Amino acid sequence: MKKRVLFICTNNSCRSQMAEGIINYELGDKIEAYSAGTTPTAVNPRAVKSMAEIGIDIADQRSKVVEEFAGQHFDYVITLCDSANEQCPMFFGGVKKMHLSFADPAAAVGSETEIQAAFRMVRDEIKDKLLDFFK
């Protein structure tokens, strides 16, 4: 049976969406990844673009509220930002809760080139840390 992981971020627009896409693409034969936010908004187009650059399509993913997953079992619940870690509801059933903090690329300022570079950097950090953890 596949392991289940829920990635949580505040807006479920960038970091958690990228994490969901990376794990489902790279380890989908072993892990089912989902993402949610404490106050979800919409998937950030720059996150979609940065993921497409590495061959992962998250264009059809949507932002979801954490409560959508209430009562479901997860093997891991991983918060990806400090705010979500503080607000994260408790998940029961032997779940392993973990916190990995990544900078919010949506907060990047500068030219479009500089902002997209911030998205790439966070994407690569998420990919490296998560693949190392799950492999």
The answer for the net charge of residues other than ASP128 whose Cβ lies under 13 angstrom from its Cβ, with Lys and Arg +1 and Asp and Glu -1, is +1
Rolling a 1.4 angstrom probe over the protein heavy atoms, how many square angstrom per residue are accessible across the chain?
50
Which entries of LYS49/LYS96; LYS64/LYS96; LYS3/LYS49; LYS2/LYS49; LYS2/LYS135 show an alpha-carbon separation above 25 angstrom in the structure shown?
LYS49/LYS96; LYS3/LYS49; LYS2/LYS49
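Got a number for carbon plus sulfur as a percent of the chain's accessible area, 1.4 Å probe?
Exposed carbon and sulfur together represent 52 percent of the surface.
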Tell me which residues come under 5 Å, amide H to amide H, from GLU32 once H is placed; ignore anything under 5 positions away on its chain.
LYS3, ARG4, VAL5
Counting sequence-distant residues (5 or more places) and residues on other chains, those with an amide H built under 5 Å from that of LYS97 are VAL77
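The values are calculated or read from the model by the stated rules, or taken from the named source; none is laboratory data. Computed from a prediction, not measured in an experiment: that's the story for all the values here. Note that each Cβ is placed from the backbone with ideal geometry, even for glycine, and that neighbours are counted across all protein chains shown. Surface areas here come from the heavy atoms of the whole protein model, side chains and all, with no ligands, DNA or RNA. Shrake-Rupley method; radii C 1.70, N 1.55, O 1.52, S 1.80 Å.
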